[in-house]
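Structure, as structure tokens:
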Amino acid sequence: MILFLDFRGRDAPAPFILQRTLWFSFSTTCNGGLGSLVKSGGKPPHSKALRAVQANSFCQSPRAKRTLATKARLAAQSGLSLFLKEASAMDFHEVIRTRRSVRAYKSNPIPDDVLQRVFDTARLAPSANNIQPWRVVAVRDEAKRREIAHLCYEQDFIAQAPVVLVICAERYRDSYSWIENHMFLVDTAIFIDHLALAARAEGLGTCWIGAFDAQGHKGLKRLLDTPDSHDVVMVMPMGYPERPTAFRDPGHRKSVGEIVSFDAWR
Ligand SMILES: Cc1cc2nc3c(=O)[nH]c(=O)nc-3n(C[C@H](O)[C@H](O)[C@H](O)COP(=O)(O)O)c2cc1C
């Protein structure tokens with residue numbers, strides 16, 4: 001088993017981040033869990049992991065040593081690719097900080113694999129009793145996108161986005177909660193936030209659209225032929241932002257002091 005501890009500084013430039021990354025490799029041995037911790041100070045751990053394995057006194061036979069050496073080399077390689085993947089992913093806090101409502105989109109289509117990754121991340125959202133009541137209709141058809149914009153109080157920018165997500169959810173009653181029939185909305189809001197953040201991490205802009213009245217809701221259901229058991233909870237255009245400044249620090253937000261108190265309401 002190879003364990004990498006990542007001590008990258010959040011604000012440091014990329015080469016410096018890499019330089020500051022400390023590698024620790026922990027090589028387990030053939031005798032179940034005994035291991036040696038090796039600090040390899042900035043280099044991929046291949047050679048030190050190998051030496052640690054070979055030096056281990058519990059592995060006497062040359063064959064056992066060879067097997068372990070191969071295992072260590074393979075583990076080090078997969079650890080390295082994991083590290084490289086990690087290094088290229090967006091910082092979690094950066095994703096949250098720079099997600100903004102985007103109301104102008106390029107017409108460029110979203111590649112299928114990108115869209116798939118967004119959905120694949122969003123589906124991990126938690127829900128009460130793990131019910132996962134959400135369903136998404138991803139609308140690419142232009143005429144339908146225009147109709148959706150019309151049903152949402154003529155918010156025309158919605159139709160500009162190459163994909164408009166219509167997020168639906170199945171109603172259910174949560175008898176353990178005082179909000180009973182409304183829990184499906186809580187679940188689905190979490191799912192939608194996962195969608196928006198996963199999209200941001202892919203360089204995609206989104207905007208929550210909750211402004212459609214009962215008539216609009218009926219129209220959306222009719223347009224997409226949704227079953228009676230499901231409501232449309234939110235609409236979300238998704239696409240590459242028209243403006244390079246679209247992802248920026250949030251506007252006004254309440255301070256932590258305004259929204260948090262400890263031990264009692266203050
Ligand atoms: C539940 C919900 C409904 C919203 N409905 C709309 C909407 O119909 N149209 C719109 O332009 N923005 C809508 N927004 C976006 C908010 O106006 C926006 O999130 C808020 O002003 C904060 O700005 P930011 O998203 O850029 O940080 C909605 C946001 C939420 C969470």
Next on the checklist: If a residue must be within 16 Å of the ligand (Cβ to nearest atom) and either at positive phi or over 14 Å from the mean Cα position of the chain (by Cα) (or both), how many such residues does the stretch 99-120 contain?
Outcome noted: 6
Next on the checklist: Looking at the structure I just gave you, is residue 161 at pLDDT 95 or above, of a type in the set (A, V, I, L, M) and within 14 Å of the ligand (Cβ to nearest atom)?
Outcome noted: yes
Checklist outcome for this item: Selection from the stretch 164-187 of residues within 16 Å of the ligand (Cβ to nearest atom) and either part of a helix (DSSP H, G or I) or among the aromatic types (Phe, Trp, Tyr) (or both) yields 182, 184, 185, 186, 187
Checklist entry - Hey, among 197, 223, which residue is under 18 Å from the mean Cα position of the chain (by Cα) and either away from the ligand (no atom under 12 Å from the Cβ) or in the same structural domain as residue 102 (by TED's automatic domain parsing) (or both)? => result 197
Next on the checklist: Take residue 135 and tell me if it is among the basic types (Lys, Arg) and within 13 Å of the ligand (Cβ to nearest atom).
Outcome noted: no
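When residues of the stretch 191-210 are filtered for being part of a helix (DSSP H, G or I) and touching a Pro at 6+ places or on another chain (Cβ under 6 Å), how many remain?
Just the residues of the stretch 191-210 that are part of a helix (DSSP H, G or I), to begin with: 191-201.
Those still in the list that are touching a Pro at 6+ places or on another chain (Cβ under 6 Å) too: none.
Number satisfying all stated conditions: 0.
Pick out the one residue from 212, 191 that is touching a Leu at 6+ places or on another chain (Cβ under 8 Å) and in the same structural domain as residue 125 (by TED's automatic domain parsing).
None of the other options fit; the residue is 212.
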Item to check | Filter pass, residue 230 being in contact (Cβ under 8 Å) with a residue 40 or more places away in the chain, away from the ligand (no atom under 11 Å from the Cβ) and more than 19 Å from the chain's Cα centre (by Cα) | outcome: yes
Item to check | Looking only at the stretch 235-253, and only at residues there that are exposed (fewer than 10 other Cβ atoms within 10 Å of the Cβ) and closer than 30 Å to residue 216 by Cβ, the one that is farthest from the chain's Cα centre (by Cα) | outcome: 252
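Yes or no, residue by residue, for (1) surrounded by fewer than 21 Cβ atoms within 10 Å (Cβ to Cβ); (2) under 19 Å from residue 235 (Cβ atoms); (3) touching a strand residue (DSSP E or B) at 6+ places or on another chain (Cβ under 6 Å):
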site: 161; (1), (2), (3): no, yes, yes
site: 170; (1), (2), (3): yes, yes, yes
site: 179; (1), (2), (3): yes, no, no
site: 184; (1), (2), (3): no, yes, yes
site: 197; (1), (2), (3): yes, yes, no
site: 201; (1), (2), (3): yes, no, no
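The values are calculated or read from the model by the stated rules, or taken from the named source; none is laboratory data. In this text the structure is predicted, and so the values were computed from the model without any measurement. Note that each Cβ is placed from the backbone with ideal geometry, even for glycine, and that neighbours are counted across all protein chains shown.
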